[in-house]
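The values are calculated or read from the model by the stated rules, or taken from the named source; none is laboratory data. Model, not experiment: these values are computed from the prediction. FYI the Cβ positions are ideal-geometry reconstructions off the backbone, even for glycines, and counts take in every protein chain you see.
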Amino acid sequence: MTSRASLTAGRAWLARLGEMLSPRADIDTALDAVQQGALHKGWQTSLPQGPPVHAPRSLQFDPFALVAAMGYKDRRISLSYEMLRRISCQLTIVGAILQRRISQVASFSAPYRLTRSLGYEIKHKDPEHQTTRSEKLFIKELERFIGNCGKRDAIRQITSAPWDDFDTFLRKFVRDSLTFDQACIERIPDYAGRPCAFLAVDASTIRVAVTDEDLARGAVAPGGSTLETARRAMQSEAPGPYGRAALLPQPERVDYIQLFQGQIVNHYSRDELAFCIRNPRTDLQVNGYGFSELEQLVLTITSLLWAEEYNRNFFRNGSIPKGILNFRTDSPDPESLEAFKTYWTAQMTGVQNAWRLPMFQSEGLEYINLQLNNRDMEFMQWVEYLMKLTCALYGMDPAEINFDISRGPSTALFETPSEGRVADSKENGLRPLLRFIARMINHHIITPIDDRYHFDFVGLDELSETDKMQIRTQEIGTYKTLDEVRAEADLQPLPDGAGQVVLNPVWLQWQQMRQQAAQQQAQAQQAEPQDPSQPPEPARSASEPDLAQSFPSAEPAPSAPEDPRAGGADDDQQGV
């Protein structure tokens, strides 16, 4: 009603103003413009204003679970943190995958402006914004901040121990994320609350705290929230089960805690610790923790461990004999048979007494084979199948870890080449990981400092120098001049305008024909006589020769017109 009344009042006011100043047609035009503007504003949307009406009512975890009895919420999985770490270190295929991804991400640890191949870049969020000189200096300062994992002077004031650089930070962060699907960053703030330095924290020691909101939703925590437990421990003279955290400053909010040997040794708020999860879930049983690839590969990893153990035992302590040596006749006497057994055992026994050969005495001599080779059992196909499953879950092609287990000849029609498969695996595995790390750095480090800028990894789609040269050659031969390509390479243009040319034979031939036609037309215009009724020719430059002066005309100059008054006087005299 208010907008309709305002529109009616505006129309009436414009009508009165138009009657005094302008014709009726102008009034109708103005009224139509007002109406169209009001309709346009009516379709526009705006962000929600004001605080929300109420807090979320949905459950975020199981309120009847007993995992919060110790003052924090633990993850409910069959594999502990220690078991996940041992798998990543001892299982060769998983270790190779993790090391490959860690090395790939660590190659982006330098600013892109210095490497021009792989690196990170800090840019303004508005792509149309023209970066000023002062903003460029601030961006370089932010790059140094990221490269040093904080302000160098401030780091020296808080610790004398060696501080991780960005390369070390990325290696620690990625290993924890790929092992536990949980990576943590501690942010050391300055007096204004902005991040002054940051470092990677052992993710296996970080747990989610029980907050007052959790208790309000019915969480089972006999000791109360983690904040209350921390405050009681600080007021008590004995640290008790809270451990070293009793000596920390009194917190105002506790969102995460650090657990070591069953004791809470640190507590953090959301502004002090970044809890980074790649695979979040809505499952109430997980309490906000991630879902590691190793947890999804429990059965596959178990099968791989059995396969490796089978191969290992094949050479170490094989208990099943490969065959039986049977004497079919009674010709060897017992003493000779025992001597032969002793000789065979001394000369033919496997490593660590493996694959001992049983001997029997019966009619004749024969060998009975009891062993099937690995090809008969399709052992290699089974191992390759397990390797493919493991690599697929990590988004990596086996060729990236030097296991090219593709079947049959590789052709362009029926199978992607190895290079294409590696590029696809980077697209499906490396790029999402880089995007996740960049999002965490933006959210927890860059935005609190200045929300006008954002951090990003660049260079993954960077071409090789040979490919760049081929593209430049094609550009010079199609739509770019030589000077334009030289400017992209930070080179000066060629002197005397020699670089204002497209290196294309068709274009060069057309340009020459155009110049010849222009010269012929100019010569034809100079050879024709000047018509007085036509406008004068444009002035020639000093360097252009004057053909009229070089070749004077042979025709006599026209005589001056006679004076009509003189003729009239003679006639009068003759008449007189």
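Details
- Restricting the range 441-487 to residues that are among the basic types (Lys, Arg) and surrounded by 15 or more Cβ atoms within 10 Å (Cβ to Cβ), the residue that is nearest to the chain's Cα centre (by Cα): 472
- Qualifying residue in the range 266-283 (condition: within 24 Å of residue 151 (Cβ to Cβ), modelled with pLDDT of 65 or more and among the basic types (Lys, Arg)): yes
- Checking the stated criteria, residue 133 turns out to be at pLDDT 90 or above and among the basic types (Lys, Arg).
- Filter pass, residue 77 being of a type in the set (Val, Ile, Thr) and at pLDDT 90 or above: no
- Qualifying helices (runs of 4 or more DSSP H) (wholly inside the range 84-173; at least 2 residues being in contact (Cβ under 8 Å) with a residue 40 or more places away in the chain and over 17 Å from the mean Cα position of the chain (by Cα)): 92-106, 133-147, 152-158
- Flag set for residue 449, criterion: in contact with a Lys or Arg (Cβ under 6 Å, 6 or more places away or on another chain) and at pLDDT below 95.
- Pick from the range 415-445, criterion β-branched (Val, Ile, Thr) and assigned to a helix (DSSP H, G or I), ranking: modelled with the lowest pLDDT: 422
- Taking the range 155-191 as the range and being touching a strand residue (DSSP E or B) at 6+ places or on another chain (Cβ under 8 Å) and on the phi > 0 side of the Ramachandran plot as the test, no residue passes.
- Among (1) among the aliphatic types (A, V, I, L, M); (2) modelled with pLDDT under 90; (3) closer than 30 Å to residue 263 by Cα, the one test that residue 192 misses: (3)
- Number of residues in the range 388-414 that are modelled with pLDDT under 85 and not hydrophobic (A, V, I, L, M, F, W, C) equals 8.
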